[in-house]
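Below is one structure; the comments refer to it alone.
The values are calculated or read from the model by the stated rules, or taken from the named source; none is laboratory data. Note that this is a predicted model, so its numbers are computed, not measured. Note that we place each Cβ from the backbone using ideal geometry, even for glycine, and neighbour counts take in every protein chain shown.
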Amino acid sequence: MTDLLDARQLAAAARCADAVLAAGTTALGVEELREAAGVSRRTFHRWFPSKARWIHPVYAAVTEAFMTSLRSRGVPSVDSVVAAWSESVYGPDTERSLGLYRLIRADPEYWAVFLEVLEVSEARIAAVIRSLSTDHDERAARVAAVAVVSSSRLALERAVTSGADAIEEFRAFLEEFGAWGRGGRRPSASSPAS
């Protein structure tokens with residue numbers, strides 16, 4: 001697949017998202033998605049080898065926006081991670097974010113692609129956390145990234161299933177994971193676990 005953040009590919013994927021949101025379902029066929037994307041069949045299949053693949057660049061762009069926002073805030077903390085998340089993942093268009101998540105979550109094919117994106121995102125976010133914080137060794141940075149990605153998924157899930165405030169839920173889940181509780185460090189063998 002070409003660079004996930006290629007502007008043309010991302011624009012085509014965003015048009016697919018618009019079509020799915022307008023239809024209120026992920027049951028659109030490949031041809032309907034291709035027409036919405038505004039690209040040739042050949043290009044559509046090269047960029048999106050399966051029907052649900054168009055979500056990959058959409059969420060890769062969200063991850064990139066999150067990482068850019070996080071980098072701009074310096075050393076990661078719960079507050080800076082929540083601020084970066086609310087700016088890039090949850091907003092600027094909350095209804096769109098939740099609507100798309102709701103539809104993707106209900107479709108096993110789309111959900112599988114979404115989970116693949118999360119796995120890639122974890123590694124990318126871990127690298128950013130590691131580069132910003134001397135308190136996070138490689139393992140602690142990976143754990144913190146898993147906490148960020150899992151908290152994001154759980155917060156969005158609570159927002160679409162119960163109407164909970166996604167930002168408050170994200171903060172609560174992030175704090176429960178405790179990735180920043182000891183400065184990101186694991187207790188050493190000689191120190192008591194907190």
ask   = Does residue 113 satisfy the condition of being within 30 Å of residue 47 (Cβ to Cβ) and in contact with a Leu (Cβ under 9 Å, 6 or more places away or on another chain)?
value = no
Residue pairs qualifying under the 8 Å Cβ cut-off, at least six apart or on distinct chains, with the first in segment 120-140 being at negative phi and the second being among the acidic types (Asp, Glu) and part of a helix (DSSP H, G or I), are 126/138; 130/138
Exactly one of 65, 17, 84, 36 is closer than 25 Å to residue 153 by Cα, assigned to a helix (DSSP H, G or I) and not assigned by TED's automatic domain parsing to the domain that holds residue 123, and that one is 17
Reported set for segment 101-119 where residues are touching a residue at least 60 places away in the same chain (Cβ under 8 Å) and under 22 Å from residue 147 (Cα atoms) is 104, 112, 113, 116, 117
The condition of being over 22 Å from residue 176 (Cα atoms), of a type in the set (Ser, Thr, Tyr) and without any contact (Cβ under 8 Å) to a residue 12 or more places away in the chain holds, among 50, 69, 40, only for 40
For segment 123-136, check the following and say yes or no: at least one residue is surrounded by fewer than 14 Cβ atoms within 10 Å (Cβ to Cβ), at pLDDT below 95 and polar (S, T, N, Q).
yes
Going through segment 15-56 in order, the residues found to be more than 18 Å from residue 107 (Cα to Cα) and surrounded by 13 or more Cβ atoms within 10 Å (Cβ to Cβ) are 15, 34, 35, 36, 37, 38, 39, 43, 44, 45, 46, 47
query: Hey, does segment 142-158 have a residue that's of a type in the set (Asp, Glu) and at pLDDT below 95?
result: no
query: So is residue 190 surrounded by 14 or more Cβ atoms within 10 Å (Cβ to Cβ), at pLDDT below 90 and polar (S, T, N, Q) or not?
result: no
Quick count over segment 87-98, residues being assigned to a helix (DSSP H, G or I) and surrounded by fewer than 17 Cβ atoms within 10 Å (Cβ to Cβ), is 4
